[in-house]
1. Suppose we filter Leu183, Leu165 for residues that are buried (at least 22 other Cβ atoms within 10 Å of the Cβ), more than 17 Å from the chain's Cα centre (by Cα) and of a type outside the set (Val, Ile, Thr); which single one remains?
2. May I ask you to verify whether Ser78 is closer than 25 Å to Ala216 by Cβ, of a type outside the set (Phe, Trp, Tyr) and not in a strand (DSSP E or B)?
3. Is it true that some residue in the range 189-208 is over 14 Å from Ser146 (Cα atoms) and either under 20 Å from the mean Cα position of the chain (by Cα) or without any contact (Cβ under 8 Å) to a residue 24 or more places away in the chain (or both)?
4. With the condition being among the aromatic types (Phe, Trp, Tyr) and at pLDDT 95 or above, I'd like the strands (runs of 3 or more DSSP E) fully within the range 85-194 carrying at least 2 qualifying residues.
Amino acid sequence: MQFSTLALLLLVAVSSVVGQIKYKGCYFHHQGTNALLYFFKNDSKMEASVCVFECQSSRMKYFGLQSNQCFCGNVLKSIPMSDDECHSRCPGNKRETCGGKSSMSVYHVPSAMVPLVPATSRGCYVFAYGHKLLSIEVNTNFEFLSQQVCASECMAKGIYSFFGLAWGDRCFCGNQINGGTALPSNKGFCRMQCKNFHYGETCGGPGQMEIFDLVAVAN
């Protein structure tokens, strides 16, 4: 079974998220008149969650979206326009707008983004050797491990929907759950103590991975 979720949820769209990305407005952006100075990336799945981390890591004040492009900057360098001019849907999230033909959707960059923990569990799965339930393993020799540590490592590596814990000391990231057999929640599976973590938190089990939603919120 596969699940999908957003690595980043905006408070304006989902009420359960603690943080908030604030919309600044729609600004003119066309042929040499850049609303924001710095172009950062193209992405065929552009949405707010893709762009915000780029600008936050560069300590910028604003991020802007136009079609599949991400811009960052500390100063708005063009005139505001009616919000109706920012009508193009983002390719990665049709609920968000990514500017227009001559306009850019501009947002405030939150001061910090952190993973939401305790995270929502998607269940405990059989974790067989060689089977990639989640596609990326974080190759870190952890001194200690917890939900917070693993989720933060996954956020630092990119935009992922899930993180997973196994064997008490292994951390994984991914955007989908690749098959796998779900184990009964009432049978004591995925109850291995997290490595050197002293607060009773569990990190999967031997041959078992517990998978969680990875949701980033403004700190």
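1. Numbers: Leu183 fails: buried (at least 22 other Cβ atoms within 10 Å of the Cβ).
Only one candidate qualifies: Leu165.
2. On the way: closer than 25 Å to Ala216 by Cβ: no; of a type outside the set (Phe, Trp, Tyr): yes; not in a strand (DSSP E or B): yes.
In short, no.
3. no
4. Details: elements: 93-97, 103-108, 113-115, 121-126, 162-166, 170-174.
Output list reads 162-166.
The values are calculated or read from the model by the stated rules, or taken from the named source; none is laboratory data. Everything quoted here is computed from the prediction, not taken from an experiment. As a convention, Cβ positions derive from the backbone with ideal geometry for all residues, glycine included, and neighbour counts pool all protein chains shown.
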